[in-house]
Amino acid sequence: MQKAILLMITTKYSYHTQISKTSKLPIQQQSLVALSIRLSSNEASFQTKPYKLHRLESGPSTNISVTRNDALDYYRKMVIIRRMETAAGNLYKERLVRGFCHLYAGQEAIAVGLCASKDNEDAIITSYRCHAWTYLTGSGISQILSELTGRRTGNVYGKGGSMHMYNKNFFGGNGIVGAQQALGAGLAFAHKYNKKKNVSYTLFGDGAANQGQLYEVINMCALWDLPCIFICENNGYGMGTPADRASAVTDYYTRGDYIPGVWADGMDVLAVRETIRWSREYCNAGKGPLMLEFATYRYSGHSMSDPGTSYRTRDEVQQMRKTSDPITGFRDKIIAAGLASEEELKGIDKEAKKEVDAAVNIARTEPPLPPESLYCDIYHNTPPQYVRGVTLDESVVQKHCRTEDLMKSLGLNA
């Protein structure tokens, strides 16, 4: 038994080899082996699903290594995003969230995997389904949930709501279907113009893949060799329309035609991370744009007003949760590989719940901005102005041009 345990102790090993060797031991010895691995393993290798390539002779590696620390970090972030989105849905049902609310549950691996490989100076721009991206680019959970409930502690002081959140080098959050595609190309142009070794990650859904402006900017990016990585998050449905009813060709990674493309499993955080790492190197080598497609799935409806059951069955959703969930799948892999114990991950789950619950309390109780904030953030770097009302008595003197300055004048934290 001791020889078997020693055989399994390593700092870097193949996941498949580990499992095959362990499974041949009696059950009591398997538990001891698992304990030994957890105490000593710092890195493990995993095999991803094969990629599909368009106009490429080679692509990302299917054999991917991950350290224990990184694995725990990815797991924690995906769990927090899932819990945060659940909390957002509950706040909406309580009528504390006004306007639209689009949830990201089921697609967490794409956001976490991409942000694991990006450079801090890379640009990200996405659609209205932007809560996870806001969190991963620097905002706290309470800032996101407070933004949904219109509180002054929100990401943009409660003025943007679900679809319009921003951070440094994160350009939203865009409410119009496909509007971010041209803006993302512009960000890539800025990187090249300023001679920066950075890329623009321009994300959109399969529903926006048929927008005409996408093909215009693909042409411009190819013509000028811009470092733009177009990313189609294909969750199978554009609002309530299945992809094959809206698109003559559903291989979205080939949509660029004359620019190369890669299909990858968007439910595998490591596959996403490796695809982004490879794509970033490709673009920074001056080879021009790429078209990526990440196959994924959203558990909720298109928005909170959509129950998501009129165009798909509950059995379909449950089957995806059971067989392809990005969090459960990653959890099972890192436990089996000895990078973490079940108890350890339960502890992360518990801490994530505590963090989200605390953020929910802030989103419920913080006050909104004072009414005079309506006149802030309208113009940039201009002197205070009179804002005319219907009558002279309703005219307002705008004392502050920025919400941040107004908050400070009231003794509030900006």
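The values are calculated or read from the model by the stated rules, or taken from the named source; none is laboratory data. This structure is a prediction, so every number in the text was calculated from the model and none was measured. Cβ atoms come from the backbone with ideal geometry, glycine included; neighbour counts cover every protein chain shown.
Would it be correct to say that Tyr282 is of a type in the set (Phe, Trp, Tyr) and surrounded by 23 or more Cβ atoms within 10 Å (Cβ to Cβ)? Criteria not met by Tyr282.
Applying the criterion of at least 2 residues that are free of Cβ contacts under 8 Å to residues at least 60 places away in the same chain and β-branched (Val, Ile, Thr) to the helices (runs of 4 or more DSSP H) found wholly in region 89-152 leaves an empty list. Take the residues in region 287-310 that are over 16 Å from the mean Cα position of the chain (by Cα) and at pLDDT 95 or above; name whichever of them is surrounded by the fewest Cβ atoms within 10 Å (Cβ to Cβ). If we take residues in region 287-310 being over 16 Å from the mean Cα position of the chain (by Cα) and at pLDDT 95 or above, then Lys287 is surrounded by the fewest Cβ atoms within 10 Å (Cβ to Cβ). Candidates are the residues of region 83-121 that are of a type in the set (D, E, K, R) and buried (at least 24 other Cβ atoms within 10 Å of the Cβ); the one that is nearest to Ala71 (Cα to Cα) is Glu108. The condition (being among the aromatic types (Phe, Trp, Tyr) and in contact with an Asp or Glu (Cβ under 6 Å, 6 or more places away or on another chain)) is satisfied by just one residue among Tyr74, Tyr92, Tyr104: Tyr104.
Residue by residue, here is whether (1) surrounded by 16 or more Cβ atoms within 10 Å (Cβ to Cβ); (2) touching a Gly at 6+ places or on another chain (Cβ under 8 Å); (3) at pLDDT 95 or above; (4) part of a loop (DSSP other than H, G, I, E, B) holds:
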position: Gln319; (1), (2), (3), (4): no, no, yes, no
position: Lys333; (1), (2), (3), (4): yes, no, yes, no
position: Lys346; (1), (2), (3), (4): no, no, yes, no
position: Ala358; (1), (2), (3), (4): no, no, yes, no
position: Asn381; (1), (2), (3), (4): no, no, no, yes
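When residues in region 27-69 are screened for being of a type in the set (D, E, K, R), outside any strand (DSSP E or B), crowded, with 16+ Cβ neighbours inside 10 Å and at pLDDT 95 or above, 1 of them pass. Of the residues that make up region 177-192, is at least one surrounded by fewer than 24 Cβ atoms within 10 Å (Cβ to Cβ), over 30 Å from Lys287 (Cα atoms) and free of Cβ contacts under 8 Å to residues at least 60 places away in the same chain? No.
Residues that are closer than 24 Å to Thr137 by Cβ and of a type in the set (Asp, Glu) were ranked within region 201-248; the one that is nearest to the chain's Cα centre (by Cα) is Glu233.
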